[in-house]
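Just below is one structure, and these are the notes that go with it.
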Amino acid sequence: MTLTNLDVTTREVPAQPVAAVRRHTSMATIGDDIAAGFEQVNAAMETVGIRQVGRPFIVFHGRIDDATGGDIEICSPVVSPFHGVEEVYGTQVPGGTIASTIHRGSYDEMAPAYAAVITWLDEHGLEPLGPPREYYLNDLETTKPEDLLTEIAFPIS
């Protein structure tokens, strides 16, 4: 079976220690804020000699709209707890079951993928048990926009 951008699956994810920074952003500045956040997290990890393991991701803490913006947590998975450097802190993202889909294409065209997961949750009588996450499955720097892969995930247990 081929996975399309509308197929929703569930899987277990372990709790994940991360190096993270939280930023307030808006729809107009989110791309720049994410890029600057990852640069900040990567620099802090380099300062203490810790490497990323796994794919970087964002946790969305509330809705982001044009009027008020919203908060995002920019996360790089690490093998062991990160003790923090300046604004970059260590935390653990909870594990559990996620419902997710894979979006292929530009980051500004992800609304249908979000809608697919939300519709699937509604059809299965489920509510998200935490904020949504975007896992970046390939590298923005080396991948054409139409080939970018992003997993849109909602915790459900």
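The values are calculated or read from the model by the stated rules, or taken from the named source; none is laboratory data. Quantities reported herein were computed from a predicted structural model and do not represent experimental measurements. In this analysis, Cβ positions are derived from the backbone assuming ideal geometry, glycine residues included, and neighbour counts consider all displayed protein chains. For the accessible areas, the whole protein counts, side chains as well, though only heavy atoms, and no ligand, DNA or RNA atoms are used. Shrake-Rupley method; radii C 1.70, N 1.55, O 1.52, S 1.80 Å.
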Taking 22 Å as R0, compute the FRET efficiency from the Cβ-Cβ separation of Glu12 and Leu126 and round it to 0.05.
0.90
With labels modelled as points extended 7 Å from the Cα through the Cβ direction, what inter-label distance (nm, one decimal) is found for Arg51 paired with Glu87?
2.8
Just how much of Arg11 is accessible, in Å², when a 1.4 Å probe is used and the result is rounded to the nearest 10?
100
1.4 Å probe accessible area per residue over the stretch 14-157, in Å²
53
Helix-only mean residue ellipticity at 222 nm, the chain, DSSP H runs n ≥ 4 weighted -39,500 (n - 2.57), per residue, nearest 500. What is it?
-7000 deg cm²/dmol
Carbon-plus-sulfur fraction of the accessible area of the chain, 1.4 Å probe, in percent?
54
Expressed in µm² per second, the diffusion coefficient of the stretch 15-157 from the Stokes-Einstein equation, with Rh the Kirkwood radius over alpha carbon pairs, at 4 °C and 1.567 mPa s, is 82
